[in-house]
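The numbers here are math on the coordinates, done by the rules we state, and not lab data. As the structure is a prediction and not an experimental result, all values here were calculated from the model. In this analysis, Cβ positions are derived from the backbone assuming ideal geometry, glycine residues included, and neighbour counts consider all displayed protein chains.
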């Protein structure tokens, strides 16, 4: 009787040991924060080099937003500057999940002003 109990215990032990040893965690989640920061820096640099951020104000909205639309077409992301004052994603049928925000200084009316530059992933409502 003891030998049967010992064999059952051995079988249970082997099955549990093989279950524990075969269960391995998946690959670690990739940290893409550096990629997101570089993407935001590149989009900001593009707008800056195009000269649209010089003396930023409401009269520059069309130029800034046309460049933002081109960046959005190529990346698939929404870009916001100063909240929704400058954006390539207008309209109520799009939801956003912020990827990264940068704080930058631009001249507005000759005065240095800090603005928030945000890149977001867009989700379309169905």
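At-a-glance table
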item: Output for region 51-69, where each listed residue is farther than 15 Å from residue 104 by Cβ and in contact with a helix residue (DSSP H, G or I) (Cβ under 9 Å, 6 or more places away or on another chain); result: 51, 67
item: Residue check for residue 64: assigned to a helix (DSSP H, G or I), free of Cβ contacts under 8 Å to residues at least 60 places away in the same chain and more than 24 Å from residue 121 (Cα to Cα); result: no
item: Residue satisfying all of: in region 46-57; part of a helix (DSSP H, G or I) and touching a residue at least 12 places away in the same chain (Cβ under 8 Å); surrounded by the fewest Cβ atoms within 10 Å (Cβ to Cβ) among these; result: 46
item: Test: residue in region 22-45 that is in contact (Cβ under 8 Å) with a residue 24 or more places away in the chain, closer than 13 Å to residue 86 by Cβ and surrounded by 10 or more Cβ atoms within 10 Å (Cβ to Cβ); result: yes
item: Unmet criterion (only one of (1) without any contact (Cβ under 8 Å) to a residue 24 or more places away in the chain; (2) in a strand (DSSP E or B)) for residue 116; result: (1)
